[in-house]
Structures are given as structure tokens and as C-alpha cells.
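Please see the structure below; I have some questions.
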Amino acid sequence: MSARPGPASLPAERLAGSSSSESPPSAVGLCLLGVAAAVFLPVLKGYWLADDFTWVGQFSHYPWSDAWRLFLGDWSRAISQEYRPLWAISFMVDLGISGLRPVALGEIGISR
């Protein structure tokens, strides 16, 4: 069996972890951050979507004692007809923190 080459036998460029053709990770991260900001910053001036009013109405008074039913229940008669029990519980927590104040609920939603 032959021994594997050690660090001393590797080229200096590989040991440094970069080459001239690769971008530094910080430049890529800043670029992605800029794209994300350009896409999502307009949301701060936005308003609720149409289905948000329905979700507030449905979950603002949903009893916590029935939260387990969200995982077992039939969602075919729900407004959105989507099986989203963790989202529903998260929404109930948000409503518990913000109450029915739209600005506070929006700030909680955006901060996630």
C-alpha cells in the first residue's frame, strides 16, 4: 500500500483554498443579499393579500385545545384546501403576540 500524499506535497494554491478563477465567498454573499433586498424591500410598503383576511378570521379565535386537530383533520373544506398545520399554528402564535393589529402582525410576518 502506498501512503497518501500529505499537505507538504500539495500545491500552495490548493492549501490557500482559492484560485484566481473563483470569486471570494463574501462577494457572492453580497450579491445575493443585494438581489434579495431588491426583491423583498417593496414588501415593506405593501398591504395584506386577500387570503390574509380569511386566515385572520379563521385562526384568531381558534381554540388552542383543538390545535392537535390541525394535524389530523380534513382540510378539504378549509378555505385554501392546503394541508398546512405547522403554518396554521405559527399563524396562531403570531396572532397571540400581535392581536388583531394588522401592522404588528405584518411586522412579525416580515421579521421571520
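The values are calculated or read from the model by the stated rules, or taken from the named source; none is laboratory data. Quick caveat: nothing in here was measured; it's all calculated off a predicted structure. Cβ coordinates were reconstructed from backbone atoms using ideal geometry, including for glycine residues, and neighbour counts include every protein chain displayed.
Residue by residue, here is whether (1) surrounded by fewer than 10 Cβ atoms within 10 Å (Cβ to Cβ); (2) modelled with pLDDT under 85; (3) among the charged types (D, E, K, R) holds:
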| position | (1), (2), (3) |
| --- | --- |
| 39 | yes, no, no |
| 43 | no, yes, no |
| 49 | yes, yes, no |
| 71 | no, no, no |
| 79 | no, yes, no |
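When you check residue 93 against the structure, is it surrounded by 10 or more Cβ atoms within 10 Å (Cβ to Cβ), at pLDDT 85 or above and closer than 30 Å to residue 105 by Cβ, yes or no? Even if it seems obvious, please write down each step before you answer.
Numbers: surrounded by 10 or more Cβ atoms within 10 Å (Cβ to Cβ): yes; at pLDDT 85 or above: yes; closer than 30 Å to residue 105 by Cβ: yes.
It is true that residue 93 is surrounded by 10 or more Cβ atoms within 10 Å (Cβ to Cβ), at pLDDT 85 or above and closer than 30 Å to residue 105 by Cβ.
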